[in-house]
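Here's the structure, in structure tokens; my notes come after.
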Amino acid sequence: MKSVKPKKNLGQHFLVDLSIARRIADTVDACPDIPILEIGPGMGVLTQYLVGKPREVKAVEIDAESVAYLYEKFPTLHEHILGEDFLRMDLSQVFDGRQFVLTGNYPYDISSQIFFKMLDYKDLIPCCTGMIQREVALRMAAGPGSKAYGILSVLMQAWYDVEYLFTVDENVFNPPPKVKSAVIRMTRNGVTDLGCDGQLFKRLVKAVFNQRRKMLRVSLRQLFNTGKPADSFYAQDIMTKRPEQLSIPQFVELTNKVDEQLKLISAGNGESRERPQGLKESKEAKPDAS
């Protein structure tokens, strides 16, 4: 079979070490008995071990050349190889509304977008595993007080327990990337309700980490574009902290405090409660944005 040429514009780095591929495939065993969706199978080095497990496997691949290769290599998977863009898919339709494990050798340049999309379907995805850029993996697993702690850390750990499993060197890929990779596993924690407005929580976390060197009393001001909160709001002790110092429960508490002020402002303006429009959502495509 003719090999697939890695495409730089798709961020393709094909894993060639079979022992590592097997180890990655085995990370899905932490969440057994449900289907598996693999992102970016390429030439199927990971797929070959996933299909050996006693459950349904589907693979989504945007590269037409890779899809043709997979059709030939895995003829029994023909109807389960999806030639689509994962970021545009309705994940509730992939397994007819059933839960599934997400895994893959994720493209570096869209890994954050993949995980943000996963959060939108968190009730369908109790487990996510796979390989990403080491720097991003460290950020996802980082705790408060760490320089690596950021947007991805808070948003992912609010809903998932994140495990940094092992590091992967550059020389096991074709072509070798310029950075090291890492394998992670995320398993849904017991949280079903954050205890605050979830959308406001996400907006707040992104807003303060986009100005991470500033105290909260400064970075939070961008959320109040329709009025000014009470003076006592900025006088609270937490306002002298920077975002990397806050735990997830503290972010939840802060979200509720901001929510209360927004409601008071709306009531004072004689308006119905509207979501603030001044702060645009960021796609957070780049790892260094988190």
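The values are calculated or read from the model by the stated rules, or taken from the named source; none is laboratory data. Bear in mind that the values here come from a model prediction, so they are computed numbers and not experimental data. Neighbour counts run over all protein chains shown; Cβ positions are idealised from the backbone, glycine included. Calculation scope for accessible area: heavy atoms of the full protein, side chains included, ligands and nucleic acids excluded. Shrake-Rupley method; radii C 1.70, N 1.55, O 1.52, S 1.80 Å.
Observations on the structure shown:
- Restraint check, 8/202; 147/202; 58/206, Cα-Cα greater than 28 Å: 8/202; 58/206
- The accessible-area ordering, largest first, of the residues 3, 247 stands as 3, 247, per a 1.4 angstrom probe.
- Taking all protein chains into account, the per residue accessible area for the chain stands at 48 Å² (1.4 Å probe).
- 18 Å cut-off, amide nitrogen to a point 7 angstrom out along residue 187 Cα→Cβ, residues in segment 137-181: 141-142, 156-166
- Per residue, the convex hull around the alpha carbon atoms of the chain comes to 132 Å³.
- Rg/Rh, computed from the Cα trace of segment 86-215 with Rh as the Kirkwood radius, has the value 0.97.
- Accessible surface of residue 263 - all protein chains present, 1.4 Å probe, nearest 10 Å²: 110 Å²
- Kyte-Doolittle mean at least 1.6, axial Cα span of 20 Å or more - DSSP H helices of the chain: none
- Beta bridges by DSSP in the chain, antiparallel share as percent, to the nearest 5: 55 percent
- Counting only protein heavy atoms and using a 1.4 Å probe, the accessible area of residue 80 comes to about 50 Å².
- With a cut-off of 19 Å on the backbone N, the residues of segment 68-101 near the modelled label site 7 Å out from residue 30 along Cα-Cβ are 99-101.
- For residue 7, the lysines whose Cα falls under 18 Å of its own Cα, not counting residues fewer than eight places away in the same chain, are 178.
- Counted residue by residue at 0.36 nm each, then reduced by the alpha carbon distance between them, the extension gain from residue 72 to residue 217 reaches 46.3 nm.
- Charge dipole of the chain about the Cα centre (unit charges at C-beta), most positive-ward option of 255, 107, 225: 225
- Partner aspartates and glutamates for residue 263 [C-alpha distance under 14 Å; skip if fewer than 8 residues away on the same chain]: 197, 271, 274
- Across the alpha-carbon atoms of segment 17-155, the computed radius of gyration and Dmax are 15.0, 50 angstrom.
- Between residue 168 and 181, 182, 183, the built amide H atoms are under 5 Å apart, and every one of these is 5 or more places off in sequence or on another chain.
- Surface composition of the chain: carbon and sulfur make up 48 percent of the accessible area, probe 1.4 Å.
- Segment 158-281 shape via C-alpha gyration tensor axes, a/c threshold 1.5: prolate
- Dividing the Cα radius of gyration of segment 167-230 by 2.2 N^0.38 Å, with N the residue count, gives 1.81.
- Near residue 56, the amide H atoms lying under 5 Å from its own belong to 36; only residues 5 or more places off or on other chains count, and H is placed 1.01 Å from N.
- Only helices enter the 222 nm calculation for the chain: every DSSP H run of n ≥ 4 contributes -39,500 (n - 2.57), and dividing by all residues gives -8500 deg cm²/dmol, rounded to 500.
- Alpha-carbon centroid distance for the pair segment 143-180 / segment 37-94, whole angstrom: 24 Å
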